[in-house]
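The values are calculated or read from the model by the stated rules, or taken from the named source; none is laboratory data. For clarity, every value in this text was computed on a predicted model and none was experimentally measured. Cβ sites come from the backbone with ideal geometry, for glycine too, and all protein chains shown count toward neighbours.
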Amino acid sequence: MTDFKVDLSSLRRQPKPASEQAIAKADAAGEAHGFVDRAPRGRPGRKKSDRTGQVHAKVLPHVSEEIANEATRRGVVQGVIIEEAWEFYKSSKL
């Protein structure tokens with residue numbers, strides 16, 4: 001009885017060619033569903049949302065984690081924590 005062997009050396013993972021047409025089609029489909037690129041070019045952070053006017057703050061990872069933990073502990077969304085912090089900041093200014 002002979003051993004069964006399969007030569008897999010010719011099987012290699014090949015990246016899919018990303019044609020500009022395919023990328024444009026995917027972008028158009030996303031935009032049709034309301035997904036748009038709000039990232040400003042050449043500037044860090046994100047622009048405010050056109051729909052809600054919400055500003056997306058970029059914070060250090062440990063600050064982000066602390067805000068998320070506090071929101072989870074209190075059962076509120078992170079925006080509530082940030083709004084309360086802003087009110088505290090405004091009331092403590094001299």
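Side notes on the structure shown:
- Residue selection: residue 21 satisfies the criterion of being surrounded by fewer than 10 Cβ atoms within 10 Å (Cβ to Cβ), at pLDDT 70 or above, part of a helix (DSSP H, G or I) and over 16 Å from the mean Cα position of the chain (by Cα).
- In the range 62-86, the residues that are of a type in the set (D, E, K, R) form no Cβ pair under 6 Å with any partner that is exposed (fewer than 12 other Cβ atoms within 10 Å of the Cβ) and in a helix (DSSP H, G or I), whether six or more places apart or across chains.
- Selected residue (criterion: modelled with the lowest pLDDT) from residues of the range 24-67 that are of a type in the set (A, V, I, L, M) and over 19 Å from residue 86 (Cβ atoms): 39
- Unmet requirement for residue 15, which otherwise passes all of (1) modelled with pLDDT under 85; (2) surrounded by 10 or more Cβ atoms within 10 Å (Cβ to Cβ): (2)
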